[in-house]
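Asks: Can you keep this structure in mind? I'll have questions shortly.
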Amino acid sequence: LDDWDPIAEQQYAELADQIEQAVDAGDTEALAGLAVDSAAAADVLRLALGGMATTAAEQMAAEAAAQGVKVRPPKVDAGLRNSFGSELVGIARATATLLGADIAASAGREALRLFTPGAAGRQVAEQVVGFLRGLRNWFRRDQLAGALHQAQNTGRIATLEAAPVATYRATERLDGNTCAACKSIDGTEFATLADAREAYGNGGYQQCEGGIRCRGTVTAIWNP
């Protein structure tokens, strides 16, 4: 989130310019077509996902070592250019684009609310930027956290693929925020790693009622 602040400020500036032009021209329809450049955002997120996947792969190897099983975690380069984790590049781009579209839509709605005949475009734009800075940005938090969690499970499962066959178990965070589906799957043992990947390969549990906010993962037990 800290790394995202300068990204957000740049996008606010882009939106302010578009809003000023639209308001000064009296073109309210243009407020529905606001857009931002998401390339820099995708680069920042890609690096974060690469770091998370590396950390998670190493943590999974440490969990195996604690059970007496040696496994070398796969390597991930910072730019996600090798085979392991390359699918996260698309996730970074898609997530950045969705976040850009969300903030542009919020800006457009607020600008339309503030628009009055004869209004000064710069004044409306400044008010909209102030509004954007004051948002709680739960959507942003959820999307970034969801992408990072997907990178985490990608790293963990990649290490399991390099390790000896184990018993794979669904592991959920059990607290007041846990949904019924995740409580039900917690502790379930999967017959194969493929089954575990089907349930958790895209991040949290596929049937979680919280969707992208799921915190579930896969752990492994190696028998003597």
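The values are calculated or read from the model by the stated rules, or taken from the named source; none is laboratory data. Every value quoted in this text rests on a predicted model; they were computed, and no experiment measured them. Don't worry about glycine lacking a Cβ; one is built from the backbone with ideal geometry, like all the others, and counts go over all protein chains shown. Keep in mind that these areas ignore ligands, DNA and RNA; they rest on the heavy atoms of the full protein, side chains included. Shrake-Rupley method; radii C 1.70, N 1.55, O 1.52, S 1.80 Å.
Asks: Quick check: pseudo-label points 7 Å beyond the Cα along Cα→Cβ at residue 139 and residue 198, how many nm apart are they?
Replies: So the label points at residue 139 and residue 198 sit 3.4 nm apart.
Asks: What whole-number distance in Å separates the alpha-carbon centres of segment 1-63 and segment 164-204?
Replies: Measuring centre to centre over Cα atoms gives 31 Å.
Asks: Counting helices only, and only those DSSP H runs with n ≥ 4, report the 222 nm mean residue ellipticity of the chain as the sum of -39,500 (n - 2.57) divided by its residues, in deg cm²/dmol to the nearest 500.
Replies: On the way: 7 runs with 128 residues, N = 224.
Per the formula, -19500 deg cm²/dmol.
Asks: Which one, 92, 120, 68, projects farthest toward the positive side of the charge dipole computed for segment 64-157 from Cβ point charges (K/R +1, D/E -1)?
Replies: 68
Asks: What nm value, rounded to one decimal, do you get for the distance between residue 5 and residue 40 when each label is placed 7 Å out toward the C-beta?
Replies: Each label point lies 7 Å from its Cα, and together they span 1.5 nm.
Asks: Need one number: convex hull volume per residue for the chain, Cα atoms only, in Å³.
Replies: In the chain, the Cα hull volume divided by residue count equals 128 Å³.
Asks: Restricting the calculation to Cα positions, tell me the Rg (one decimal) and the Dmax (whole number) of segment 160-206 in Å.
Replies: Rg then Dmax for segment 160-206, in Å: 11.3, 35.
Asks: Next question, about the same structure. Counting only protein heavy atoms and a 1.4 Å probe, tell me what percentage of the chain's accessible area is made up of carbon and sulfur.
Replies: Roughly 50 percent, rounded to a whole number.
Asks: For the residue pair residue 25 and residue 191, what label-to-label distance in nm results when each label sits 7 Å from Cα along the Cα-to-beta-carbon direction?
Replies: Here the modelled spin labels are 6.1 nm apart.
Asks: Right, next: Considering just Cα atoms, how many Å³ per residue does the convex hull of segment 112-224 enclose?
Replies: For segment 112-224, the hull spanned by Cα atoms encloses 137 Å³ per residue.
Asks: Something else: So, taking all protein chains as they sit and a 1.4 Å probe, how much accessible area belongs to residue 185, in Å² rounded to tens?
Replies: Solvent-accessible area, nearest 10 Å²: 20 Å².
Asks: Given a 1.4 Å probe, how much area per residue of the chain is accessible, in Å²?
Replies: So the chain comes to 52 Å² accessible per residue, rounded to a whole number.
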